[in-house]
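See structure below.
The values are calculated or read from the model by the stated rules, or taken from the named source; none is laboratory data. For clarity, every value in this text was computed on a predicted model and none was experimentally measured. We place every Cβ from the backbone using ideal geometry, glycine too, and count neighbours over all the protein chains shown.
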Amino acid sequence: MKNNGARIWKGHEKIVEDAFKFTDRWKSMKEDKIPEEDIKKTFYIPVKMKVFAWNAKREKDTVMTPFDSIKYHKQILQTNFAAMDPRSGEVKCWVGGIDFKWFKFEHVTQMRQVGSTFKPFIYTLAIDEAGYTPETVIPGGALTLGGKTISGKGGTVANCLAWSKNIAAWRLIGQVGVKRTIEFVQSCGIKTKIPPYYSIGLGAAEIPLMEMLQGFTMFPNKGLNTEPIYMNRIEDKAVTCWKEFISTSKQVIAETDAYTMAKLMQGVIQFERQGCQPVYYSG
């Protein structure tokens, strides 16, 4: 199997070598009291093996060194997916990874940097509490907060959210405040402890997907935040119901603000062809 990622790993070979110690090969040979240097040498000898592949069997027979197989598998994109009904709270889909046989790791519940998906919370606060509208202009330029300087072009709220402009999020969190931002996201179902730094405005916080999913329920649900539930009821073979599960909801923002944010977030894909300016529909 051809490995096209050689250039990616140039100068980063130690990352792969550190992964040696997590393999069955290493653990087995270590138990047999084989010196580590001798174990390492075996990782550079080509052997027959099966590797993950995007085919019907999700695997392929090939010949490569264990060293190259680690590089190969580390280059495969790992992702997850979850979906829930924002009104009922019913979790409709949960995909923890791309293949359980090869990658036994549950991504949905793990801590991950959320990146720009955190920005809608800040924009919501700006609209709900600071009087911003989709047409409000956020200045560009440079701004230093907490010892870090962010610069860039500004624009209207609609434009900045659609194009995920960092300077806009940086200015907004500087205005609404880190403490208030954290209080707000916690009211939206984010239970994970958020570090009190301005960088959370750019998505530096690590939050599990399911918590972010709950946080976003307020946008399509008229400002109501809904807890996820994973089953509706437990019943026996006689269809006797032993327990029912009903999600709880609470109002965290006004319905008008939820509508505004939902329309603003549509600006990511709804834009005018001339000038690529986001379209905002006020009603």
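Figures for the structure shown
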item	result
Residues that are in a helix (DSSP H, G or I), within 22 Å of residue 147 (Cα to Cα) and either in contact with a strand residue (DSSP E or B) (Cβ under 9 Å, 6 or more places away or on another chain) or not assigned by TED's automatic domain parsing to the domain that holds residue 248 (or both), drawn from segment 179-222	198, 199, 201, 202
Selected residue (criterion: nearest to residue 254 (Cα to Cα)) from residues of segment 164-204 that are surrounded by fewer than 21 Cβ atoms within 10 Å (Cβ to Cβ) and in contact with an Asp or Glu (Cβ under 7 Å, 6 or more places away or on another chain)	191
Residue in segment 92-101 that is surrounded by 15 or more Cβ atoms within 10 Å (Cβ to Cβ), more than 22 Å from residue 205 (Cα to Cα) and under 21 Å from the mean Cα position of the chain (by Cα) present	yes
Meets criteria (over 26 Å from the mean Cα position of the chain (by Cα), modelled with pLDDT under 95 and part of a helix (DSSP H, G or I)) for residue 21	yes
Count of residues meeting criterion [closer than 23 Å to residue 210 by Cβ and either of a type in the set (Asp, Glu) or in a strand (DSSP E or B) (or both)] in segment 60-88	5
Residue match in segment 97-110 (condition: over 19 Å from residue 213 (Cβ atoms), in the same structural domain as residue 194 (by TED's automatic domain parsing), in a loop (DSSP other than H, G, I, E, B) and of a type outside the set (Val, Ile, Thr))	no
Test for residue 48: is it surrounded by fewer than 11 Cβ atoms within 10 Å (Cβ to Cβ), outside the structural domain of residue 164 (by TED's automatic domain parsing), farther than 30 Å from residue 218 by Cα and modelled with pLDDT of 95 or more	yes
Filter pass, residue 91 being in contact (Cβ under 8 Å) with a residue 40 or more places away in the chain, in a strand (DSSP E or B), out of contact with any Ser or Thr (no Cβ under 6 Å at 6 or more places or on another chain) and hydrophobic (A, V, I, L, M, F, W, C)	yes
Output for segment 81-120, where each listed residue is closer than 18 Å to residue 192 by Cβ, small (Gly, Ala, Ser) and touching a strand residue (DSSP E or B) at 6+ places or on another chain (Cβ under 7 Å)	82
